[in-house]
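So the structure is just underneath, and the comments pick up after that.
The values are calculated or read from the model by the stated rules, or taken from the named source; none is laboratory data. Fair warning: this is a prediction, and the values are worked out from it, not measured in the lab. Counting neighbours? That spans all protein chains shown, and the Cβs are built from the backbone with ideal geometry, glycine included. Heads up: the accessible areas ignore ligands, DNA and RNA and are worked out on the full protein's heavy atoms, side chains in. Shrake-Rupley method; radii C 1.70, N 1.55, O 1.52, S 1.80 Å.
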Amino acid sequence: MNLPPQIRVLERGWLSSNNVLVHDSAGCTLIDSGYHAHAAQTLLLLQHALGGKPLARLINTHCHSDHMGGNAAVQRAYGCRTSIPVGEAPAISAWDEATLMLSYTGQSAERFSYDDTLAAGGRLQLGGQEWEALAAPGHDMHALMFYSSAARILISGDALWENGFGLIFPELFGQPGGYAATRATLEAISRLDITTVIPGHGAPFGEIGRALASAFERLDAYERDPAKLARHALKVMLSFSLMIMGSIAEADLPGFLAGVPIYAEINRRFLRLPEAQLREYLVKDLERAHALTRRDGWLFARG
Ligand SMILES: [Zn+2]
């Protein structure tokens with residue numbers, strides 16, 4: 001994918017989001033810092049990509065653990081100014097673990113503070129070009145994406161990937177409006193003149209029409225059958241947790257799932273499966289998707 005030389009995408013594997021580094025004579029900017037357990041790797045990649053230049057600013061598309069988990073480590077290393085979406089500010093200021101969905105999902109992040117906030121419609125100078133912050137509600141109602149009409153590039157966060165988008169959390173938690181917001185965000189993207197999308201996960205891509213068509217199709221399917229979103233969410237969550245832990249004894253799985261509230265809550269809202277049946281469904285489906293290996297009473301993450 002042809003990107004201007006001042007933009008460097010550090011493409012990461014799950015759980016970390018991609019890190020987008022924009023070089024600028026006025027100071028380099030990093031967009032999203034990855035998951036905290038990968039912070040050492042993030043710092044190494046960043047140091048290499050900076051090539052000795054200072055990092056002036058860190059920006060988040062949204063404040064989920066896989067996008068802001070490395071903020072504290074990046075701040076310690078570079079003392080950079082940190083800007084977050086304005087809607088995320090109360091939860092970050094208070095380090096509200098429930099709103100940030102940390103213990104709730106079995107994920108973690110290192111607490112950080114920010115210097116200022118960004119709002120939709122705000123303009124930024126990055127890499128010698130003007131970028132606009134655009135509202136990207138849906139996956140996270142406060143998320144932003146960044147668009148340069150001159151470069152025709154969209155930094156989409158989890159609002160649009162080449163094959164999908166981030167889980168629609170509001171709907172999973174019984175807050176209506178997530179589907180409509182996701183649709184509005186996808187429609188807003190479809191009205192932009194874009195040649196390249198730099199997503200929060202996966203490689204930058206150019207076939208925007210195809211990505212949007214498949215995103216709308218997925219959204220339609222979730223709206224028709226919300227249990228589909230629920231099943232997908234539980235599998236994503238369990239495969240994330242397995243990646244964090246590496247492995248878990250099957251005998252410990254009931255206790256693990258009982259200790260992470262999101263599993264019981266989504267099951268209660270959408271699926272109403274007996275616990276053992278839910279466990280068996282999740283493990284079998286992840287095994288089929290090659291997301292885990294089951295051996296000798298253990299489950300191993302496959303990444
Ligand atoms: Zn996210």
For the range 156-198: rounded, prolate or oblate by the Cα gyration tensor [a/c cutoff 1.5]: oblate
Please find, in a Gaussian network model of the chain (springs between Cα atoms separated by less than 10 Å), the residue of ALA211, ALA289, ALA180 whose mean-square fluctuation is greatest. ALA289
Listed residues PRO199, PRO85, PRO176, most fluctuating in the chain (Gaussian network, C-alpha, under 10 Å): PRO176
Given labels modelled 7 Å from the Cα in the Cβ direction, how far is it in nm from ALA264 to TRP298? 2.9 nm
Across LEU118, LEU44, LEU286, the residue with the highest GNM fluctuation in the chain (Cα network, 10 Å cutoff) is LEU44
Taking the chain and counting helices only, DSSP H stretches of n ≥ 4 at -39,500 (n - 2.57) each over all residues, the nearest-500 ellipticity at 222 nm comes to -11000 deg cm²/dmol
Around ALA94, under 13 Å between beta carbons, what's the net of Lys plus Arg minus Asp minus Glu among the other residues? -2
Take ALA94 and SER108, extend 7 Å from each Cα along the Cα→Cβ direction, and tell me the distance between the two endpoints in nm. 2.3 nm
Please give the net charge around ASP193, taking every other residue with its beta carbon less than 14 angstrom from that of ASP193, where Lys and Arg add +1 and Asp and Glu add -1. +1
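Could you work out the relative contact order of the range 184-301? I mean the mean sequence separation of Cα pairs under 8 Å and 6+ apart, divided by the number of residues, in percent.
Values: 82 pairs, mean separation 28.4, N = 118.
In percent, rounded to a whole number, it is 24.
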Give me the net charge for the shell around SER17: Cβ to Cβ below 14 angstrom, other residues only, Lys and Arg +1, Asp and Glu -1. -4
Report for the range 1-91 the percent antiparallel among DSSP-assigned beta bridges with both residues inside it, nearest 5. 50 percent
So what is the diffusion coefficient of the chain in µm² per second by Stokes-Einstein at 10 °C and 1.306 mPa s, using a Kirkwood Rh over Cα pairs? 80 µm²/s
Measuring from the longest principal axis of the C-alpha atoms of the chain, the long axis of helix 39-50 (C-alpha) lies at a number of degrees, nearest 10, equal to 30 degrees
How long are the semi-axes of the ellipsoid equivalent to the range 247-303, from square roots of 5 times the Cα gyration tensor eigenvalues, in whole Å, largest first? 20, 13, 10
Roughly what angle does helix 208-224 make with the longest principal axis of the chain, taking Cα atoms, 0 to 90 degrees, to the nearest 10? 40 degrees
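Using only the Cα atoms of the range 19-63, build the gyration tensor, take square roots of its eigenvalues as a ≥ b ≥ c, and label the shape rounded, prolate or oblate: rounded if a/c is under 1.5, else prolate if a/b is larger than b/c, else oblate.
oblate
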All-pairs alpha carbon distance profile, the range 1-153, 5 Å steps from 0, percent: 2, 9, 20, 24, 22, 15, 6, 2, 0
Which percent of the accessible area of the chain is formed by carbon and sulfur heavy atoms (probe 1.4 angstrom)? 51 percent
All lysines inside 30 Å of LYS284 as judged from Cα atoms, apart from same-chain residues fewer than 8 positions distant: LYS228, LYS235
Tell me, what is the percent relative contact order of the chain, built from C-alpha pairs under 8 Å that lie six or more residues apart? 13 percent
Separation of alpha-carbon centers, the range 188-223 and the range 102-156, rounded to whole Å: 17 Å
Which of the three applies to the range 167-230, rounded, prolate or oblate, going by the alpha-carbon gyration tensor with a ≥ b ≥ c and a/c under 1.5 meaning rounded? prolate
